[in-house]
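Everything on this sheet refers to the single structure shown next.
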Amino acid sequence: QQQVKQSPQSLIVQKGGISIINCAYENTAFDYFPWYQQFPGKGPALLIAIRPDVSEKKEGRFTISFNKSAKQFSLHIMDSQPGDSATYFCAAFQTGANNLFFGTGTRLTVIP
Amino acid sequence: GAGVSQSPSNKVTEKGKDVELRCDPISGHTALYWYRQRLGQGLEFLIYFQGNSAPDKSGLPSDRFSAERTGESVSTLTIQRTQQEDSAVYLCASSPPTGNEQYFGPGTRLTVT
């Protein structure tokens, strides 16, 4: 059973546009929600993370929006650049548990 | 500082052979994780080590998979009698004593022919 559901599977955005990736979860015990960026042939790199006590976190062009009641969170990439083209994974973690539960990934392509 | 390193970066093996994959975590990180990533898919948890505690092996897909860790340093993941469905990228991650952040290595791409 997929603990974290991610959409869309792929996304094409024009340079300068906004990229939006969505994730949903069921387990209300999750208390840490990171996003990872993965380039081909590389391991995932931590991009930004949020805890459920805040509704939004912004770091540069990257923003996480968190809706606790809906059990959903999303990544927004503002002013998307071709260098942002990568696969993005959302994940969820429960303190005291032993592993991250990952979404299935979104392949983002930013066209010039 | 140095990140998580893994070796080899690529491994091609024949079906039925055993393979050993290595992970060097970030110095000072007490937690170590192994994940499997099949082509085009998300990461699948395999095993977790925390200090000297007994590992959480709940994600290992079969008894052909095993892993060891020496203290808070190197870990090896061993796959015995490899099968074609074992072909994947095997990723290692480590975490500091405080915080939930996991830092990943570049992975080992395993191809079983």
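Kirkwood analysis of the range B:5-112, using all unique Cα-Cα pairs, places the hydrodynamic radius at 13.8 Å. If you take the Cα centroid of the range B:28-45 and the Cα centroid of the range A:31-74, the two points sit 18 Å apart.
Going from the residue with the fewest nearby Cβ atoms within 10 Å to the one with the most, A:15, A:57 rank A:15, A:57.
How many lysine pairs are close in chain A, with Cα atoms under 25 Å apart and the two 8 or more places apart or on different chains? So the count works out to 13. Rounded to the nearest 0.05, the FRET efficiency derived from the C-beta distance between residue B:80 and residue A:9 at R0 = 41 Å is 0.75.
For chain B, a crude dipole built from +1 on the beta carbon of Lys and Arg and -1 on the beta carbon of Asp and Glu, taken about the Cα centre, is about 280 debye to the nearest 20. Restricting the calculation to Cα atoms, every distinct pair contributes to the Kirkwood radius of chain A, found to be 14.0 Å. Cβ crowding within 10 Å ranks B:76, B:82, B:98, A:28 as B:98, A:28, B:76, B:82, fewest other Cβ atoms first. Extension gain, residue A:68 to residue A:39: 0.36 nm times the residue separation minus the Cα-Cα distance gives 7.5 nm.
By the count of other C-beta atoms within 10 Å, a proxy for reagent exposure, B:34, A:35 are ordered fewest to most as A:35, B:34.
No lab work stands behind these numbers, since they all come straight from the coordinates. Keep in mind the model is a prediction, meaning the values are calculated, not measured. Cβ: placed from backbone, ideal geometry, glycine included. Neighbour counts: every protein chain shown.
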